[in-house]
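Asks: Here's a structure for you.
Please treat every number below as a calculation from the coordinates, not as lab data. Just so it is clear, the structure is predicted and the values come from calculations on it, not from any experiment. Here the Cβ positions follow ideal geometry from the backbone for every residue, glycine too, while neighbour counts run over all protein chains shown.
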Amino acid sequence: MRQLLATIIMTGLAGSAYADEVPVIHLILKDHVFSPQELTVPAGQKIKLLVKNENATASEFESYELNREKVVPANSEITVFLDPLDPGTYPFFDDFNRDTTKGRIVVK
């Protein structure tokens, strides 16, 4: 029983350490433009993307290739976790301003 409890505790601690190792990438929406418009991230690694909307209206982070769609309320920030990705280019956009607000994630 003690062995099982120790294993559970160590597994939980390992999970916490892993969570601290996830790279955090910042993306800002201002004047309906993503900044930066291109993000470069490592292949095969989970990513924590923080999307901050500095606009007075809601925006959206959406990507068909990443299978993500999340509203970013005005003057707020959201978190989008990305599972490990294969090398390539993954476009994203603001569905509320689809023609002008675009970006891409380049995975190397």
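Asks: Could you list all residues from the stretch 24-62 that are touching a residue at least 40 places away in the same chain (Cβ under 8 Å), within 18 Å of Asp99 (Cα to Cα), touching a strand residue (DSSP E or B) at 6+ places or on another chain (Cβ under 6 Å) and not aliphatic (A, V, I, L, M)?
Replies: Phe34, Gln37, Glu38, Ser59
Asks: Next question. Based on this model, can you work out whether Asn75 counts as touching a residue at least 12 places away in the same chain (Cβ under 8 Å) and more than 11 Å from the chain's Cα centre (by Cα)?
Replies: Details: touching a residue at least 12 places away in the same chain (Cβ under 8 Å): yes; more than 11 Å from the chain's Cα centre (by Cα): yes.
Spelling it out, Asn75 is indeed touching a residue at least 12 places away in the same chain (Cβ under 8 Å) and more than 11 Å from the chain's Cα centre (by Cα).
Asks: Go over the candidates Lys70, Lys102 one by one and state the one that is touching a residue at least 24 places away in the same chain (Cβ under 8 Å) and either in contact with a Ser or Thr (Cβ under 6 Å, 6 or more places away or on another chain) or not polar (S, T, N, Q) (or both).
Replies: Details: Lys70 fails: touching a residue at least 24 places away in the same chain (Cβ under 8 Å).
The match here is Lys102.
Asks: OK, next. Please go through the stretch 69-90 and pick out each residue that is in contact with an Asp or Glu (Cβ under 7 Å, 6 or more places away or on another chain) and over 18 Å from Lys30 (Cα atoms).
Replies: The answer is Glu69, Tyr90.
Asks: How many residues does the stretch 32-60 hold that are charged (D, E, K, R), over 11 Å from the mean Cα position of the chain (by Cα) and more than 18 Å from Val71 (Cα to Cα)?
Replies: 1
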